[in-house]
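A short worksheet on the structure shown next.
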Amino acid sequence: VYLHTGSKTHLYRSTIGQIQEKLDPRRFIRVHRSAAVNTDRIKELQPLTHGDYTVVLKDGTELKLSRKYRDEFEAWLRQPL
């Protein structure tokens with residue numbers, strides 16, 4: 001797993017699921033099988049076709065919101081997309 005912290009990237013030998021178990025679920029959310037994000041870093045959601053979304057972070061990074069994690073994301077938002 002690569003951990004991105006500001007301008008630095010760290011390699012951590014673990015699965016993303018194991019790391020996520022240690023993180024505060026109010027601050028970190030899974031958006032894709034290969035990505036979990038700090039909710040404080042989310043800038044906006046951009047709609048795509050067929051109900052898909054791109055999660056845009058404050059630094060400009062764009063991540064796809066996977067359909068598998070959409071329900072979890074909507075629960076965090078406390079509203080449907």
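The values are calculated or read from the model by the stated rules, or taken from the named source; none is laboratory data. For clarity, every value in this text was computed on a predicted model and none was experimentally measured. FYI the Cβ positions are ideal-geometry reconstructions off the backbone, even for glycines, and counts take in every protein chain you see. Heads up: the accessible areas ignore ligands, DNA and RNA and are worked out on the full protein's heavy atoms, side chains in. Shrake-Rupley method; radii C 1.70, N 1.55, O 1.52, S 1.80 Å.
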Check: Of all the strands (runs of 3 or more DSSP E) wholly in segment 1-60, which have at least 2 residues that are closer than 20 Å to Asp71 by Cβ?
Finding: 28-32, 35-38, 42-47, 53-57
Note to self: Can you tell me how many residues within segment 27-64 are of a type in the set (A, V, I, L, M) and farther than 19 Å from Thr15 by Cα?
What the structure shows: 6
Next item on the list: Could you list all residues from segment 48-60 that are open to solvent by 40 Å² or more (accessible area, probe 1.4 Å) and either within 20 Å of Leu3 (Cβ to Cβ) or in contact with a Ser or Thr (Cβ under 8 Å, 6 or more places away or on another chain) (or both)?
Entry: Leu48, Lys58, Asp59, Gly60
Next item on the list: Inspect all residues belonging to segment 28-38 and state whether any of them is more than 11 Å from the chain's Cα centre (by Cα), open to solvent by less than 90 Å² (accessible area, probe 1.4 Å) and not hydrophobic (A, V, I, L, M, F, W, C).
Entry: no
Notebook entry, point to check: For segment 61-71, how many residues meet the condition of being part of a strand (DSSP E or B) and open to solvent by less than 30 Å² (accessible area, probe 1.4 Å)?
Noted result: 1
